[in-house]
Amino acid sequence: MTERITKILKNLEELNQQGGQWNISAETGQFLNKIVLTKKPEVIVEIGASNGYSTIWLAEAAKKVGAKLITYEFVPEKVRDLVSNLQKADLIKYVQIIPDDANKRLGELNERIDFVFLDGRKNEYLQQLKLLEPKLKPDAIIIADNAISHKHVMEDYLYYVNNEKAYQSELKDIGTGLEISIFKKALST
Ligand SMILES: C[S@@+](CC[C@H](N)C(=O)[O-])C[C@H]1O[C@@H](n2cnc3c(N)ncnc32)[C@H](O)[C@@H]1O
């Protein structure tokens, strides 16, 4: 992590204290960064970039492992901040930004995906996972944020990943709660 990126992340943490960004915690960011460095995915999909705090944590690791990061954000003001923050962090060239509703655009993805970070609307996680499912590589990792803070809103999602044989899933008490699911395609076929 360069000094420049650390400084940008710190500034965004201060901004987040003022509200309105709904960024992940620094602990969650560090975890996402570490897991990308360890698992070395080739294609990462993020839903809900906001102003790019989580995107920077993911992109910093994506750059190091040579992964492609595709992120969705549909609020134009957030997209402007996202672009500006990624430019400041010198990470913009590692990220493909889709400035649109992920629910409408996920179907267009041609890539096989091996890492997903879900952080849009919590009641849409299951719909989004099902759109991504045909494109997931075996052993793909799906991380869903707010699995403790919003567990009731994402009840259908949590039930699915914990009961569908194609997934191995566990809850981690990191930040607002991360549901970490591994797609075991072999089990579903
Ligand atoms: C919790 S915030 C994301 C915070 C960000 N991941 C971070 O930690 O820095 C949720 C964001 O998802 C965006 N969003 C929600 N549903 C979306 C969708 N279907 N497509 C694209 N963006 C979406 C919202 O506009 C909002 O900025």
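Read the figures in this text as sums done on the coordinates, not as results from a lab. Since this is a predicted model, take the numbers as computed values, not measurements. Note: ideal-geometry Cβ built from the backbone for every residue, glycine included; neighbour counts use all protein chains shown.
Can you name the residue in the stretch 136-189 that is out of contact with any helix residue (DSSP H, G or I) (no Cβ under 7 Å at 6 or more places or on another chain) and among the hydroxyl-bearing types (Ser, Thr, Tyr) and, of all such residues, is farthest from residue 116 (Cα to Cα)?
Result: 189.
Here are some residues: 132, 91, 118, 178. Which one is in contact (Cβ under 8 Å) with a residue 40 or more places away in the chain and farther than 27 Å from residue 20 by Cβ? Can you show your working first?
On the way: 91 fails: farther than 27 Å from residue 20 by Cβ; 118 fails: farther than 27 Å from residue 20 by Cβ; 178 fails: farther than 27 Å from residue 20 by Cβ.
Result: 132 is the single residue among 132, 91, 118, 178 that is in contact (Cβ under 8 Å) with a residue 40 or more places away in the chain and farther than 27 Å from residue 20 by Cβ.
I'd like the residue in the stretch 105-135 that is part of a strand (DSSP E or B) and closer than 18 Å to residue 176 by Cα and, out of all such residues, is farthest from the ligand (Cβ to nearest atom).
Filtering the stretch 105-135 for residues part of a strand (DSSP E or B) gives 113-118.
Within this subset, residues satisfying the condition of being closer than 18 Å to residue 176 by Cα are 116-118.
Details: 116: 12, 117: 7, 118: 9 Å.
Checking each candidate, the answer is 116.
For the stretch 24-104, please list each of the helices (runs of 4 or more DSSP H) lying entirely inside it that holds at least 1 residues being surrounded by fewer than 21 Cβ atoms within 10 Å (Cβ to Cβ) and within 13 Å of the ligand (Cβ to nearest atom). Before the answer, list the steps.
Working: elements: 26-39, 53-65, 76-88.
The qualifying helices (runs of 4 or more DSSP H) are 26-39, 76-88.
All but one of (1) without any contact (Cβ under 8 Å) to a residue 60 or more places away in the chain; (2) surrounded by 19 or more Cβ atoms within 10 Å (Cβ to Cβ) hold for residue 156, so report the exception by its number.
With (1) without any contact (Cβ under 8 Å) to a residue 60 or more places away in the chain; (2) surrounded by 19 or more Cβ atoms within 10 Å (Cβ to Cβ) applied to residue 156, the lone miss is (2).
Assuming residue 12 fulfils every condition listed in (1) buried (at least 20 other Cβ atoms within 10 Å of the Cβ); (2) more than 9 Å from the ligand (Cβ to nearest atom); (3) over 21 Å from residue 143 (Cα atoms) apart from one, which condition is it?
The single condition residue 12 does not satisfy is (2).
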